[in-house]
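Single-structure report; data block below.
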Amino acid sequence: MTIKAGIIGTGFIGPAHVEAIRRLGFVEVAAVAERGDDLAQAKAKQLSIPKAYGDYKKLLADPDIQVVHNCTPNHLHFGINKEILAAKKHIISEKPLAMTSVESRELVRLAKDAGVVNAINFNYRYMPLVQHAHQMCTAARDVGRIYAIHGSYLQDWLLLENDWNWRLVPELSGASRAVADVGSHWCDLVQFITGLKIVRVMADLVTIHPKRKRPKVEVETYAGKVLRPEDLEDVAINTEDYGSILLEFDSGAHGSLTVNQCAAGRKNRLYVEIDGSKCALAWDQERPNELWIGRRDGPNQLLLKDPSLLHPAAREYAHYPGGHNEGYPVGPKNLFRNVYGFIEGTRPGGDFSTFQDGHNEIAICDAVLKSSRERKWVDVDY
Ligand code: NAI
Ligand code: SOE
């Protein structure tokens with residue numbers, strides 16, 4: 001029987017969830033909830049979704065809906081996630097899981113008690129060459145002992161003083177911005193690829209624009225470029241645009257991460273490099289169909305995504321032959337396949353990011369904030 005899903009929030013990422021679910025073929029997007037009836041109906045029409053709810057509580061009360069995707073802004077994650085669990089629906093939450101580690105710890109506990117399937121959209125894990133890199137670092141032991149893990153997550157959509165989004169408001173986004181918003185993906189990704197855990201951090205966080213210009217009207221994510229000066233007002237900013245973070249992993253490996261949301265020309269450049277005793281690996285989210293393999297004792301290689309060349313366990317994450325490129329949308333599709341397959345009983349589970357992973361990222365963010373404030377190394381308190 002077709003599983004029925006409901007989506008709460010249809011700004012940037014909500015429609016990406018809808019598209020990824022539809023590509024599965026065995027799940028129906030049956031309902032959408034937005035802020036108010038008019039917006040809900042307009043979005044339902046635009047996305048061809050049969051039921052529209054102007055209040056998410058009505059979607060949660062709909063007995064047809066078995067799985068709920070929470071695609072709202074950060075400040076609503078904790079409260080809505082809690083209500084989804086109380087309604088005993090399976091849940092796929094957007095990141096961050098909540099605004100604080102106290103909240104995320106509670107959600108991990110509530111999800112366990114509710115006995116429902118819980119997942120979080122750390123989508124970059126599910127790209128074909130990331131899965132291959134994971135196999136190379138773990139089961140296949142191709143990389144050897146990992147010495148160092150380094151890289152960056154760079155964007156330019158907040159480069160200018162008059163770029164605006166709710167992510168700039170701590171009450172809506174959280175005490176950390178660049179690190180929580182995108183650094184969290186990087187930390188999750190390197191831990192997934194290597195199987196190692198970040199245990200200590202030393203951070204230097206910087207607000208490049210301590211004052212920004214906020215539009216007097218609301219602006220959807222990535223849409224803030226056409227406003228006139230009289231539509232803007234000055235606002236003080238106290239979350240980081242930039243961060244340099246030193247990392248220590250549980251194996252003793254070392255690492256470093258740079259995050260910057262004011263890096264001209266870098267759109268969504270999540271870049272990871274892993275230096276092992278046998279070889280090195282490098283992967284760039286903006287060139288997702290290429291994995292660089294660095295060697296001391298032979299020529300370096302550039303592995304192009306091709307299912308026939310991938311580790312057998314990574315093969316099912318690629319859906320097209322070599323040369324037929326796959327990008328950002330394949331991540332959520334593969335994650336949702338793993339989650340919904342588990343829900344319908346056709347997959348074993350254990351192959352998707354859960355609330356525990358969501359909590360772990362918030363614990364790392366807490367340590368990063370504390371380290372930058374106190375100018376010292378801080379242990380991550382999971
Ligand atoms: P957005 O601002 O574009 O969209 C948020 C949507 O939620 C809007 O349509 C808004 O009307 C709706 N909304 C707000 N309050 C609501 C309520 N009470 N009930 C129902 N709907 C409500 O934001 P965007 O960029 O889509 O981000 C949403 C979340 O997704 C964020 O937490 C963000 O961190 C995460 N995200 C994750 C990505 C990933 O790659 N995993 C990519 C982009 C966003
Ligand atoms: C904005 O920085 C954003 O949309 C993040 O919220 C996402 O999590 C990231 O994947 C892309 O950039």
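Just the residues that are part of a helix (DSSP H, G or I) and of a type outside the set (Asp, Glu), please, taken from segment 1-31.
Ile13, Gly14, Pro15, Ala16, His17, Val18, Ala20, Ile21, Arg22
Filtering segment 35-68 to residues that are in a loop (DSSP other than H, G, I, E, B) and closer than 18 Å to Ala87 by Cβ leaves Gly54, Asp55, Asp62, Pro63, Asp64, Ile65, Gln66.
Of all residue pairs spaced 6 or more apart or on separate chains, those with beta-carbon atoms under 9 Å, a first member in segment 323-347 that is farther than 16 Å from Val130 by Cβ and a second member that is open to solvent by 40 Å² or more (accessible area, probe 1.4 Å) and among the small types (Gly, Ala, Ser) are Phe342/Gly350.
Rundown of residues vs (1) in contact with a helix residue (DSSP H, G or I) (Cβ under 6 Å, 6 or more places away or on another chain); (2) closer than 30 Å to Glu240 by Cα; (3) not aliphatic (A, V, I, L, M), yes/no style:
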residue	(1), (2), (3)
Asp297	no, no, yes
Ala313	yes, no, no
Lys333	yes, no, yes
Gly345	no, no, yes
Arg373	no, yes, yes
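Only one of the numbered conditions (1) farther than 16 Å from Ile208 by Cα; (2) within 16 Å of ligand 2 (Cβ to nearest atom); (3) of a type in the set (A, V, I, L, M, F, W, C) is violated by Leu158, and that is (1).
Could you tell me whether segment 47-62 includes any residue that is surrounded by fewer than 24 Cβ atoms within 10 Å (Cβ to Cβ), within 26 Å of Tyr328 (Cβ to Cβ), in contact (Cβ under 8 Å) with a residue 24 or more places away in the chain and within 14 Å of ligand 1 (Cβ to nearest atom)? Yes: one or more hits.
Per-residue answers, yes or no, for (1) among the polar types (S, T, N, Q); (2) within 15 Å of Lys4 (Cα to Cα):
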site	(1), (2)
Asp62	no, yes
Asn70	yes, yes
Phe78	no, no
Leu107	no, no
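Sub-8 Å Cβ pairs linking a first residue in segment 228-247 that is surrounded by fewer than 16 Cβ atoms within 10 Å (Cβ to Cβ) to a second residue that is outside any strand (DSSP E or B), at least 6 apart or interchain, are Asp231/Lys216; Asp231/Val217; Glu233/Lys216; Val235/Leu168; Ala236/Pro210; Asn238/Pro170; Asn238/Thr207; Asn238/Pro210, ordered by first then second residue.
Applying a threshold of 7 Å to beta carbon distances and a minimum spacing of six or more residues, or different chains, the list of pairs starting in segment 8-26 at a residue that is over 18 Å from Arg347 (Cα atoms) and ending at one that is away from ligand 1 (no atom under 13 Å from the Cβ) reads Val18/Val29; Arg22/Val29.
Filtering segment 133-143 to residues that are open to solvent by 30 Å² or more (accessible area, probe 1.4 Å) and out of contact with any helix residue (DSSP H, G or I) (no Cβ under 7 Å at 6 or more places or on another chain) leaves Thr138, Ala139, Ala140, Arg141. The residues in segment 192-211 that are open to solvent by 30 Å² or more (accessible area, probe 1.4 Å) and either within 18 Å of the chain's Cα centre (by Cα) or closer than 19 Å to Arg373 by Cα (or both) can be counted, and the count is 13.
Residues in segment 267-310 that are touching a residue at least 40 places away in the same chain (Cβ under 8 Å), surrounded by fewer than 20 Cβ atoms within 10 Å (Cβ to Cβ) and aromatic (Phe, Trp, Tyr): Tyr271 only.
Filtering segment 241-274 to residues that are more than 13 Å from ligand 2 (Cβ to nearest atom), in a loop (DSSP other than H, G, I, E, B) and not hydrophobic (A, V, I, L, M, F, W, C) leaves Asp250, Ser251, Gly252, Gly265. Restricting the first member to segment 184-212 and to residues that are aromatic (Phe, Trp, Tyr), and the second to residues that are within 16 Å of ligand 1 (Cβ to nearest atom) and open to solvent by less than 40 Å² (accessible area, probe 1.4 Å), the beta-carbon pairs closer than 8 Å and six or more apart or on different chains are Trp186/Tyr153; Trp186/Val259; Trp186/Leu270; Trp186/Val272; Phe192/Phe122; Phe192/Arg125; Phe192/Val130; Phe192/Ser353.
Residues that are more than 17 Å from the chain's Cα centre (by Cα), more than 25 Å from Leu270 (Cα to Cα), within 14 Å of ligand 1 (Cβ to nearest atom) and crowded, with 22+ Cβ neighbours inside 10 Å are absent from segment 109-132. Counting only strands (runs of 3 or more DSSP E) that sit completely within segment 275-361, those holding 3 or more residues that are among the aliphatic types (A, V, I, L, M) and in the same structural domain as Gln131 (by TED's automatic domain parsing) correspond to 280-284, 301-304.
The values are calculated or read from the model by the stated rules, or taken from the named source; none is laboratory data. Since the structure is predicted, the reported quantities are computational estimates derived from the model, not experimental observations. For neighbour counting, all protein chains shown are included, and Cβ atoms are generated from backbone atoms with ideal geometry for every residue, glycine included. Keep in mind that these areas ignore ligands, DNA and RNA; they rest on the heavy atoms of the full protein, side chains included. Shrake-Rupley method; radii C 1.70, N 1.55, O 1.52, S 1.80 Å.
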